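> Here it is, the structure in full.
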Amino acid sequence: MADTIVVTGATGALGALAAKTFAARGNSLALLDYDQSKLDSLAHDLNLPDERLLMLTADLRNGQAVQAAAEAVSGKFGTIHALIHLVGGWIGGKTIPESSPDDLEFMLGQHAWTTFYLFKSFAPYLAQSGHGRVITVSIPLPIYPHARRGPYAAAKAAQEALVQTLSEEFKDQGLTANVIHVKAIDVNGEGKGTTPQAIVPTMLYLLSEEAGKINGARIPLY
């Protein structure tokens, strides 16, 4: 059976392109999102046989829901080879004194808690494959914080810390974990960021055997 790739945030512009690209390569896909209607639309576009596709709606901020998703993916496909975590969300435009605790809580939920629960539930399965791959997409804020983005920067820093920790914890089992950095995702080709078409090839390389020594890296695509 072809390698199985899990994509979260699968119905966004980047997630959908990644899914279509992986499908064309012959991969089996487990696609996670919160919107069933968008998942149904993506499934229609992919037109994959049932044995190569699993669509799951889940609140990735809920640990039990994520564990159930991991068990469902393993139950259908057996080995899980890659996790592409693309759940987004942004709150900004306010200074730290202007920001509310709810702003920080929401950002941590979107970026830190989803990542924690996904790694907690999926990493053991990924490690069992012998060449597991984890990829997230972020921005350089954890390295170069900007004004008026405090809650977002804090949550992305937490996410990247989890990625780098995972890269150390499982490196002896062939599992790599890396972050692709963009300043923005340019969905409409306006030249104000990095297009999904430029990001997906980097994902493909990180999934390859040749990229097995790239681990715990922040890869700039800007």
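> What does the charge add up to near Arg149, with Lys and Arg as +1, Asp and Glu as -1, over the other residues with Cβ less than 14 Å from its Cβ?
+2
> With θ set to phi - 60° and the Karplus curve 6.51 cos²θ - 1.76 cosθ + 1.60, what are the ³J(HN,Hα) couplings of the stretch 102-107 in order, to the nearest whole Hz, using x for Gly and Pro?
Running phi through 6.51 cos²θ - 1.76 cosθ + 1.60 with θ = phi - 60° gives 5, 4, 5, 4, 5, 5 Hz.
> To the nearest 0.05, how large is the calculated FRET efficiency for Lys20 and Glu98 if R₀ is 35 Å and r is the Cβ-Cβ distance?
Computed FRET efficiency for Lys20 and Glu98 comes out at 0.30.
> Give me the net charge for the shell around Lys94: Cβ to Cβ below 13 angstrom, other residues only, Lys and Arg +1, Asp and Glu -1.
Result for the neighbourhood of Lys94: -1.
> List the relative contact order of the stretch 38-137 as a percent without decimals, with contacts defined as Cα pairs under 8 Å and 6+ residues apart.
Reported relative contact order: 39 percent.
> Output ³J(HN,Hα) for the stretch 23-36: one whole-Hz value per residue in order, computed from phi by the Karplus curve 6.51 cos²θ - 1.76 cosθ + 1.60 with θ = phi - 60°, and x for Gly and Pro.
4, 5, 7, x, 6, 8, 10, 10, 10, 10, 7, 9, 10, 5
> Comparing Arg149, Arg61, Arg133, which has the greatest mean-square fluctuation in the GNM of the chain with Cα pairs linked when under 10 Å apart?
Judging by the Gaussian network model, the answer is Arg149.
> Using amide H atoms built in the peptide plane, which far-off residues or other-chain residues are under 5 Å from Lys183 H to H?
Under 5 Å from the amide H of Lys183 lie the amide H atoms of Thr194, each far enough along the sequence or on another chain.
> Determine the distance separating the Cα centre of the stretch 21-69 from the Cα centre of the stretch 136-178; give it in Å without decimals.
24
> Using a 10 angstrom Cβ neighbour count of at most 10 plus a DSSP loop assignment to flag exposed GluC sites (Glu not before Pro), which longest range of the chain is free of such sites?
1-97
> Could you tell me whether the stretch 70-126 comes out rounded, prolate or oblate from its Cα gyration tensor? Rule is a ≥ b ≥ c as square roots of the eigenvalues, rounded for a/c under 1.5, then prolate if a/b exceeds b/c, otherwise oblate.
It is prolate, given that a/c is not under 1.5 and a/b is the larger ratio.
> Normalised by the number of residues in the stretch 5-89, what is the relative contact order in percent for Cα pairs under 8 Å and 6+ residues apart?
Once divided by the residue count of the stretch 5-89, the mean separation gives 38 percent.
> Still on this structure, please answer the following. Cα-based count: Lys pairs in the stretch 4-220 below 16 Å, eight or more positions apart or different chains?
Lysine pairs satisfying the spacing and distance rule in the stretch 4-220 number 5.
> Could I ask something else about it? With a sphere of radius 9 Å drawn around the Cβ of Ser28, what net charge do the other residues whose Cβ falls strictly inside it have (Lys, Arg +1; Asp, Glu -1)?
Local charge sum for Ser28: 0.
> Ordered by residue, what ³J(HN,Hα) values in Hz, to whole numbers, does the stretch 191-201 give under the Karplus form 6.51 cos²θ - 1.76 cosθ + 1.60, where θ = phi - 60° and Gly and Pro are x?
Once rounded to whole Hz, the list reads x, 9, x, 10, 6, x, 5, 8, 7, 4, x.
> Follow-up question, since we're still on this one. Tell me the mean residue ellipticity at 222 nm calculated for the chain from its helices only (DSSP H runs of n ≥ 4, each -39500 (n - 2.57), averaged over every residue, nearest 500).
That calculation yields -13500 deg cm²/dmol at 222 nm.
Readers should treat all values here as calculations from the given coordinates under stated rules, not as data from a laboratory. Everything numeric here is computed off the predicted structure, so don't read it as measured data. Every residue, glycine as well, gets a Cβ built from its backbone with ideal geometry; the counts of neighbours run over all protein chains shown.
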